[in-house]
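Right, one structure below, let's go through it.
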Amino acid sequence: MNTLKKIAVKDLLTLACAIFSLNFAHAGIPIQHWSQPGGAKVWLVESPAIPMVDVQIDFDAGGRRDPADQAGLASVTAGMLSKGVAARGSEAALDENQLGEAWADLGASFSASAGSDRMSFSLRSLSYPDLLERAAMLAARQIGEPSFPEPIWQRDRERLSAAIREANTRPATVAGRAFSKGVYGDHPYGFEMTEATLARMDVADMRKLYARLIAPCRAKVSIVGALDRAQADVLVTKLLSRLPAGDATACAPLPSVPEVAPLTASQERRIPFDSAQAHVFIGQPGHKRDDPDFFALLVGNYTLGGGGFVSRLTTEVREKRGLSYSVYSYFSPGLHAGAFMVGLQTRPDQAERALQVSREEVARFVAEGPTPQELKAAKDNLIGGFALRIDSNRKLLDNVANIAWNNLPLDYLDSWTRQVERVTAADVRAAFARKLQPERMVTVVVGGAT
């Protein structure tokens with residue numbers, strides 16, 4: 001492509017993105033939703049401003065489905081999906097290099113990943129029919145016919161083992177692992193991939209997990225782009241076409257996963273570590289993503305520790321006392337109660353004081369909630385920044401996938417700013433009192449003399 005053409009394309013995309021942002025900033029975001037005959041559920045936002053399509057396909061195949069002795073199985077299975085596809089009929093097998101070249105030739109991208117709750121496939125392509133057709137069929141092969149090559153897994157397992165060994169030399173890794181174990185106990189959210197769990201995995205385990213959990217009837221598909229409903233339905237059918245259709249057994253409800261158990265008492269772990277900084281984590285199980293208290297907790301946490309330099313924790317720990325450069329708090333909700341965490345780094349000789357101040361501030365906020373000025377500042381910032389949450393197809397897709405995965409209402413984005421605006425100080429106090437018990441938190445301090 002010559003320089004003038006590149007400039008023209010860049011200017012066109014810049015203008016289109018501006019139109020996209022303007023349109024969605026001043027209008028509602030209509031989300032269409034339907035189910036296919038095979039059971040796949042689809043959510044679509046038509047975005048015709050640019051000739052682009054973003055797709056995310058989610059399955060209940062994340063880390064919460066890992067066996068305890070094979071923690072990390074979902075993650076490594078997703079990682080192996082880019083390593084090759086099997087031959088089928090007249091279609092030759094493709095190794096990882098050939099797959100990469102095929103995607104580069106299309107000017108499209110495809111990836112797979114697994115988090116705590118879900119395994120996700122992401123496709124981005126231009127919406128021109130000839131290109132999208134080829135991208136969809138290549139993605140369908142990668143979704144439906146992964147080859148899980150044994151030699152590649154042996155190579156990657158060694159690489160992952162080396163990465164784990166290196167990570168174990170960092171205090172942040174040690175602190176994070178201890179904190180997760182304290183908060184989640186035996187729940188899968190607390191599972192950690194280790195050299196031992198890696199050693200127990202082979203490609204047969206990956207194929208078994210994949211066959212059990214990845215089927216069209218279990219798919220939740222989110223789409224944002226220049227497609228109408230009929231075109232989107234055809235696209236979804238193509239993307240899932242190489243997966244076995246499955247029978248009643250394959251589509252039966254999966255076994256339930258137990259909820260995260262609430263803490264019954266405080267826990268403290270002090271782990272000596274020869275490091276310049278002590279890592280301090282405080283927290284406990286928080287809430288699920290579909291909890292009615294979500295917006296009150298979002299607004300309240302902005303004031304407590306989520307608002308950066310304007311948060312209370314930053315004021316008390318950093319500004320007034322100089323105990324840490326950065327201190328923060330956040331909730332990480334999922335299908336189960338994700339952790340509430342306060343985190344900071346400080347000099348080992350200051351760790352006790354920083355811990356004390358942080359605990360006191362959390363307890364004070366749970367008891368008192370925000371001041372009227374803090375509440376207004378939090379809501380103004382969140383509402384004012386809402387447009388930045390949806391100012392690209394990719395960001396909008398993330399939000400649509402969040403709605404799909406967590407069974408949120410279709411007007412969730414349209415009502416988001418109203419939900420924030422209606423939060424009161426009393427709502428914040430009540431929500432924090434329901435979710436947090438400062439006297440029953442996990443404390444982890446890593447660093448200091450051995």
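The values are calculated or read from the model by the stated rules, or taken from the named source; none is laboratory data. Please read these numbers as outputs of a predicted model, since none were measured by experiment. Note that each Cβ is placed from the backbone with ideal geometry, even for glycine, and that neighbours are counted across all protein chains shown.
Total residues in region 284-304 satisfying the condition of being in a helix (DSSP H, G or I), closer than 22 Å to Ser180 by Cα and in contact (Cβ under 8 Å) with a residue 60 or more places away in the chain: the figure is 3.
No other residue among Phe340, Phe309, Phe281 is modelled with pLDDT under 95, of a type outside the set (S, T, N, Q) and not in a loop (DSSP other than H, G, I, E, B) apart from Phe309. Could you tell me which residue of region 62-74 is nearest to Asp205 (Cα to Cα), considering only residues that are among the small types (Gly, Ala, Ser) and crowded, with 20+ Cβ neighbours inside 10 Å? That would be Ala74.
Checked against (1) buried (at least 17 other Cβ atoms within 10 Å of the Cβ); (2) out of contact with any helix residue (DSSP H, G or I) (no Cβ under 6 Å at 6 or more places or on another chain), Ala163 meets all criteria but (1). Could you list all residues from region 121-158 that are in contact with a Gly (Cβ under 9 Å, 6 or more places away or on another chain) and either of a type in the set (Asp, Glu) or loosely packed, with under 15 Cβ neighbours inside 10 Å (or both)? Residue satisfying the conditions is Asp156 alone.
So for region 417-430 (the condition being under 28 Å from Ala108 (Cα atoms), in contact with an Asp or Glu (Cβ under 8 Å, 6 or more places away or on another chain) and in the same structural domain as Ile282 (by TED's automatic domain parsing)), does at least one residue qualify?
Of the residues in region 417-430, the ones under 28 Å from Ala108 (Cα atoms) are none.
No.
Would you check if there is a residue in region 106-117 being in a helix (DSSP H, G or I) and hydrophobic (A, V, I, L, M, F, W, C)? Looking through region 106-117, at least one residue is in a helix (DSSP H, G or I) and hydrophobic (A, V, I, L, M, F, W, C).
If you take the residues in region 310-330 that are free of Cβ contacts under 8 Å to residues at least 24 places away in the same chain and not basic (Lys, Arg), which one is nearest to Ala378 (Cα to Cα)? I'd like the intermediate steps shown before the answer.
Within region 310-330, the subset free of Cβ contacts under 8 Å to residues at least 24 places away in the same chain is 311, 314-315, 318-320, 322, 325-326, 328.
Now restrict to residues that are not basic (Lys, Arg): 311, 314-315, 319, 322, 325-326, 328.
Working: Ser311: 9, Thr314: 15, Thr315: 15, Glu319: 19, Gly322: 24, Tyr325: 22, Ser326: 19, Tyr328: 15 Å.
This residue is Ser311.
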